[in-house]
Amino acid sequence: LVAFVTFVCFVASRSHEAYTALAVMEVVITLLFFLLYFLKLDKKMTWLFWPLADIFNSVIAALFLLIVCLFAIIIKTNNGTLAGGVFGLLLLVLCVVDAVLLFQKISISGPRERNIPAK
């Protein structure tokens, strides 16, 4: 939801295309991960460890958001760009929290289950 609000702020203010592209990319990736977990496709597609992919996505998104949103706030062509930058920084914090919580869940829960039956 925060990524969508960031996208709307950047589009409404007619900001630079890079700001809008990053926001829409994060909205799409978040929706794809949401559908993956909601439809339980992560259980069917076991060839990838999805929580680790989600952590990787959160860390990369946080790095891009840090750079782009700081530029948006510093340059501040108008109030919409400033609002988009602030919401982007809020999204950055949420991405970092998501990565930390997922990492703790992976670390605490122990080894992954194996699909091979015990003999």
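The values are calculated or read from the model by the stated rules, or taken from the named source; none is laboratory data. Computed from a prediction, not measured in an experiment: that's the story for all the values here. Just so you know, the surface numbers come from the protein's heavy atoms only, side chains and all, with ligands and any DNA or RNA stripped out. Shrake-Rupley method; radii C 1.70, N 1.55, O 1.52, S 1.80 Å.
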Output the 0 to 90 degree angle, nearest 10, between the alpha-carbon long axis of helix 2-12 and the longest principal axis computed from the alpha carbons of the chain. 30
Hey, what angle do you get for helix 17-38 against the long axis of the chain, alpha-carbon based, 0 to 90 degrees rounded to 10? 30
Relative to the longest principal axis of the chain, what angle (0 to 90°, nearest 10) does the C-alpha long axis of helix 50-75 take? 10
For the chain, the accessible surface attributable to carbon and sulfur atoms (probe 1.4 angstrom, ligands and nucleic acids excluded) amounts in percent to 75
Would you calculate a helix-derived [θ] at 222 nm for the chain, using -39,500 (n - 2.57) for each DSSP H run of n ≥ 4 and dividing by the full residue count, to the nearest 500? -27000 deg cm²/dmol
Heads up, I need the accessible area for F64: 1.4 angstrom probe, whole protein in place, Å², nearest 10. 110
Calculate log10 I(q)/I(0) of the range 44-108 for q = 0.16, 0.27 Å⁻¹, where I(q) comes from the Debye formula with a single equal point scatterer on each Cα and nothing for solvent. -0.58, -1.03
